[in-house]
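Nothing in this text is a laboratory measurement; each read-out follows from the coordinates by a stated rule. For clarity, every value in this text was computed on a predicted model and none was experimentally measured. Quick reminder, even Gly has a Cβ in these numbers, built from the backbone with ideal geometry, and neighbours come from all protein chains shown.
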Amino acid sequence: MKTVGLKIVGIIVIAVIILQFNVVIAATKSELNASSNETDKKIEEAKEELENIDAQKSETLQQVEDLIMQISSAQSEIDELNTKISDMNTQIEEAQAQLDKKQEEYDDKETLLEKRLVAAYEAGETSYLDVLLSSSSLTDLISNYYMISEITQSDMELMEKIKKEQEEIETAKQTLETSKQELDSAKAEKQQKATELQNAKSQKDSYVAQLNEQEKNTQAELEQFEKDKQEIQAQLAAIARQESASYGSSNVSNIANNPSASGYIRPVVGYSITCGWMGYSGHTGVDFSGSGISGKPVLAAKAGTVVTSTALRYSNGNYRSYGEYIVINHHDGTMTLYAHGAPGSRLVSPGQTVSQGQQIMSVGTTGNSTGYHLHFEVRINGRPVNPSPYLP
């Protein structure tokens, strides 16, 4: 009986211990669950924070890209204003030289007229009569009469010339004054653009400092692309200025006002525009792309002369910007640019004459390109314009 009692007591003790252990386990499990939930919450918060950081970085990079476009645009406008100011200075110098020459001629004629009027006055009206009466014969009389008439007519013509030159001088002075005012306005506009440019650069630098290395590489590529575009624009603008005397500014205006009459064809047969003019920030043309476009012939949209046929590369040999690209001058005030061609596919050289529809290279994806396509631009006076109205 004593043994049975001890067993019962032992069972009770074990049961109490087990109960306490279960309570401890339950408490520990509850704490662990709570801790786990807290950890999960922190992990989610960390993930959200990382996502926010990534989003902020993307937004910062976008701001940098926008500022790069602003800087590029402002720099282009400043370059154009510099050219305009230089041309206006030359025109003003030439106009001033012509005005000085006219003034000198006017002063000489005025002095001559004054001398002749004084001489006529001092001689008196009888001087003409004396000349006529002193004639020894009828022939001499007629000769003397015509001489006097011509002198009188000459005086009248001289007075008319003086009056006309005086009017021309006044007109030239007004034109010169207007040109000087336009020059001052151009200089003021340039100063304003220079201030905008400096502010944009300062903003860009502050954003660039927040970018990661990969984003900085993207930013550097974009800046190089914009720099290349500015250099290309300056080169093409210089060619356009040299040619403007032959085709005239009025012809350029006609083309710009009626682009559909320019006679272009599509540069890639069977493919449509998939990214239009300014389809994204800084997109200065239109893109032709689609299934199987890789390697397709790129055609001259119109007959003309090749002014550029080259490949833009970094010092390490990698393609940059437009990659393999070609520019054709159509000698009507417009030029067309074809970019991102396949490596080594260019078939034409600078100075070469090409006919409309002639293959000039093949579609590729060289330079700043994310897939096979043809980037096509139309330029007037070196500046890109919307190509769509020019294409059938």
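I need the calculated FRET efficiency for the pair residue 83 and residue 115, taking r as the beta carbon distance and R₀ as 41 Å, to the nearest 0.05. With R0 = 41 Å, the Cβ-Cβ based efficiency is 0.25. If you take all other residues with their beta carbon under 13 Å from the beta carbon of residue 167, and give Lys and Arg +1 and Asp and Glu -1, the sum is +1. Put simply, the amide H of residue 312, placed in the peptide plane, has neighbours under 5 Å in 320, 323, 324, 325, leaving out anything fewer than 5 places away on its chain. Running Debye on the range 235-392 with equal point scatterers at the Cα sites and no solvent, what base-10 log of I(q)/I(0) appears at q = 0.17 Å⁻¹? So the normalised log intensities are -0.96. Karplus-derived 3J(HN,Hα) values for the range 284-296, using 6.51 cos²θ - 1.76 cosθ + 1.60 with θ = phi - 60°, are 9, x, 10, 10, 9, 8, x, 4, x, 6, 3, x, 5 Hz; glycine and proline are entered as x. Shown here are the Rg and Dmax of the Cα trace of the range 280-366, at 12.9, 38 Å. Under a 5 Å amide H cut-off, with hydrogens placed 1.01 Å from N, residue 283 pairs with 278 among residues at least 5 apart or on other chains. For the range 77-116, dividing the convex hull volume of the Cα atoms by the residue count gives 31 Å³ per residue. Paramagnetic label reach from residue 93 (point 7 Å along Cα→Cβ; backbone nitrogen cut-off under 12 Å): within the range 175-203, no residues. Among the listed pairs 180/227; 84/164; 227/302; 84/180; 101/190; 190/227, give every one whose C-alpha distance is greater than 22 Å. Beyond 22 Å between Cα atoms: 180/227; 84/164; 227/302; 101/190.
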